[in-house]
Amino acid sequence: MPRLYRSAAALLTAMPRLLSRMLLPSVLIIFLAPFIALLFYSSPAADDFCEATLSFASVPQPNVLSVTWLYYTKWSPRWLTTFIVHSVLSHVNLPSAYGWLLLAIIVANVAALGYFFSATVRLTRIQSLLVALVFYAAWIASISNPDEQLYWFSDVIVYNLPLSTMLVLAGLLQRARRRVWYYAAIVLLSIAVPAEHEIAGTFLCSALFAATVITRMKKLKVPQLYLSFAMAALSFAIVMLSPGNAARASAEHRPLWDTAHSLRWVAHSFYSGLNWLSLPAILAAACCILVLSQPGQRAPAVAGVPPRWLPIASVLGMFVVLCVCSVTEVATSMWLAPRVVSWFQFVFWLLFICAVMTGIPELYQTRFSPSTRIGVFALLAVTLLGSSSFRAAVQDLHGPAQSWRRTYLSRLARRGGAIEFDAPSRYPKLAKPQMLAADPSCWANRCLANYLHADSVIVRNSPDRCP
């Protein structure tokens, strides 16, 4: 009996520690599972069909280089993203590969986040992965447009690929090596970011310029930083000099550089920053990440205090994000689209997390008890599982997503002639509308007709308008 009592007491003593270790992975799995499952119920949308058929203005082009050049000169300066998207979609079977492509982007984002936290904040691999998943889950729970940010390949890769590239580049800049492959990687990644998206290029060049000025003032030798800034500036110049910028603004009848109302745009951007910091998801995630990153949990090989300059750089980076947001609104003379807001929110939150993790030494050195960890993880669970995005994902998974998948598979199985579809009674909440109209001359309809080798495509009683 005494031995039984001692075993029971040991089990009760170990329960809080065991629960504190199992609770967070369980919450993340439960939260992310419906979003991952919905990837394989997603359907290609308008741009996807155009890119799968190498079409520009719904006219198929002979090869990837030709369509990339047309986009660069007549619509979009994002030549690298254009090249990658058209290369991928033109060589896969859309219905079967679409979900896997979306999953690959999510995995790349989480892996890049983990590498960034490992290199910058000096966490172990397990800690870095958990912190990355917590951050990514909080971002998913708070974005207003998960249909575009998770389930539309053409949009997902445009805004998420530059994020992954920047995160890897930031990690490499923190781990200098005297190797040829290292400097080659710095050059390629620095060129890639502006070529993937001009907003990412603006932020990267601004951050690298500030870092270069500071290191020169302190007479520090950081050759990889100077090389990265030079290559990013060169790539950014190529992007901004693209004829496609002016051509797109002219086609959309928008003036560029609304400097007369610049104060209004600046005020709106900084108000957005305050709003991002007030969202429950990031506050709960910040508390959770603080608990996860406590030094007592690290292996001796990676234990250590992050650089002292990191919290200051993070706060300055948050300011730069809001400035770039302001410049973007002034340059485009319009409020930012939700998918652009989500991009800025991601970067702003990431810098905020870095500032929180490293800016208060007392919190950084605190040892949290298992009970405290359980309480913080439970708070995150309530925030994530109670979010509107999670509820919508669960509802879609149990109903509309399955019927919608059967509908679009039957559509894509048809070939040739004049094809007519019936409009869906309703889209799933997190599904991207296909933007197919009743007018067969709409460019989205023509792109789908090219994909199906049909004469025309008409969607009867379509709720979508020609984009």
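Numbers below:
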{"quantity": "Segment Met22-Val92, extension gain: residue separation times 0.36 nm, minus the distance between their alpha carbons", "calculated": "21.3 nm"}
{"quantity": "Cα-based shape type of the chain, given that a ≥ b ≥ c are square roots of the gyration tensor eigenvalues and the cut on a/c is 1.5", "calculated": "oblate"}
{"quantity": "Three-way shape label, the stretch 206-270, alpha-carbon gyration tensor, a/c 1.5", "calculated": "oblate"}
{"quantity": "Projected label distance in nm at Ser456 and Lys219, using a 7 Å step from Cα toward the beta-carbon", "calculated": "7.6 nm"}
{"quantity": "Protein accessible area in the chain, 1.4 Å probe - carbon and sulfur %", "calculated": "67 percent"}
{"quantity": "Ellipticity estimate at 222 nm from DSSP helix runs (n ≥ 4, -39,500 (n - 2.57)) divided over the chain, nearest 500", "calculated": "-23500 deg cm²/dmol"}
{"quantity": "Orphan Cys of the chain, criterion: no other Cys C-beta under 4.7 Å", "calculated": "Cys205, Cys287, Cys288, Cys323, Cys325, Cys354"}
{"quantity": "Calculated FRET value between Leu227 and Trp69, using beta carbons and R₀ = 25 Å, to 0.05", "calculated": "0.35"}
{"quantity": "Peptide ranges 125-135, 391-401 listed from the most packed, as the mean C-beta count within 10 angstrom indicates", "calculated": "125-135, 391-401"}
{"quantity": "Dipole of the stretch 353-448, positive direction: furthest Cα of Leu448, Pro370, Val356, with charges on the beta-carbon", "calculated": "Leu448"}
{"quantity": "Cα gyration tensor, the stretch 80-208 - rounded (a/c under 1.5), prolate or oblate", "calculated": "oblate"}
{"quantity": "Accessible surface, the chain, averaged per residue in Å² (probe 1.4 Å)", "calculated": "46 Å²"}
{"quantity": "Spin-label zone in the stretch 383-422 - amide nitrogen under 18 Å from a point set 7 Å from the Cα of Phe40 along the C-beta vector", "calculated": "393-410"}
{"quantity": "Fully extended contour minus Cα-Cα distance, from Ala104 to Arg175, at 0.36 nm per residue", "calculated": "23.0 nm"}
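The values are calculated or read from the model by the stated rules, or taken from the named source; none is laboratory data. The structure presented is a predicted model; accordingly, all values stated were derived computationally and were not measured. Positions of Cβ are generated from backbone atoms using ideal geometry, with glycine treated the same way; all protein chains shown enter the neighbour counts. Surface accessibility is based on the protein's heavy atoms, side chains included, excluding ligands, DNA and RNA. Shrake-Rupley method; radii C 1.70, N 1.55, O 1.52, S 1.80 Å.
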